[in-house]
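**Q** Dumping the structure here so I can ask a few things about it.
The values are calculated or read from the model by the stated rules, or taken from the named source; none is laboratory data. Here the structure is a predicted model, which is why all the values come from computation and not from measurement. In this analysis, Cβ positions are derived from the backbone assuming ideal geometry, glycine residues included, and neighbour counts consider all displayed protein chains. The accessibility values were calculated without ligands, DNA or RNA, using every heavy atom of the protein model including side chains. Shrake-Rupley method; radii C 1.70, N 1.55, O 1.52, S 1.80 Å.
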Amino acid sequence: QVHLVESGGGLVESGGSLRLSCAASGSIFSLYDMAWYRQAPGMQREIVARAFSSGAVYYADSVKWRFTISRDDAKNTVYLRMNPLIPEDTAVYYCCLWSGGVPYWGQGTQVTVSS
């Protein structure tokens with residue numbers, strides 16, 4: 001079993017920044033991908049960014065050049081640096097880890113961007 005704990009969400013003004021963290025623990029395969037998703041009210045969950053075990057990264061077009069995903073494999077932790085934030089980024093952000101082909105999800109952290 002894999003357990004994910006997210007932190008770093010909050011309320012910020014438009015143009016501001018936040019850094020989300022997600023720490024994983026449990027039975028994790030040596031090679032795994034980690035990603036951030038988000039879900040706004042009334043909307044489907046969508047991918048924000050993904051950090052592959054190969055070192056490659058992927059960003060959704062809506063956050064490209066504003067968000068940066070990084071990982072610290074020694075700590076089994078993935079980060080999401082968000083700057084600048086805009087009101088459209090308001091959502092619950094979820095961390096996801098794929099281990100052995102199985103996705104595991106965190107509980108989510110709220111990010112609210114005021115205009």
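**Q** Considering Cα pairs under 8 angstrom that are at least six residues apart, work out the relative contact order of the chain and quote it in whole percent.
**A** That works out to 36 percent.
**Q** Based on Cβ point charges of +1 for Lys and Arg and -1 for Asp and Glu, what charge dipole magnitude is obtained for the chain about its Cα centre, in debye rounded to the nearest 20?
**A** 120
**Q** May I pose another question? Of Q107, M82, S14, which is farthest on the positive side of the dipole of the chain, counting Cα position, with +1 on Lys and Arg Cβ, -1 on Asp and Glu Cβ, and the Cα centre as origin?
**A** So the residue furthest toward the plus end is M82.
**Q** Let me ask something additional. Specify whether the C-alpha gyration tensor of the range 22-86 places it in the rounded, prolate or oblate class, a ≥ b ≥ c being the square roots of the eigenvalues: rounded for a/c under 1.5, otherwise prolate if a/b is larger than b/c and oblate if not.
**A** Prolate, because a/c is 1.5 or more and a/b exceeds b/c.
**Q** By the 4.7 Å beta carbon criterion, which cysteine residues of the chain come out unpaired?
**A** By the Cβ distance rule, which asks for a partner under 4.7 Å, the isolated cysteines are C96.
**Q** For the chain, what class follows from the C-alpha gyration tensor (a ≥ b ≥ c being the square roots of its eigenvalues): rounded when a/c is under 1.5, otherwise prolate if a/b is larger than b/c, else oblate?
**A** prolate
**Q** Moving to a separate point now. Using the heavy atoms of the protein chains and a 1.4 angstrom probe, tell me the accessible area per residue for the chain in square angstrom.
**A** 53
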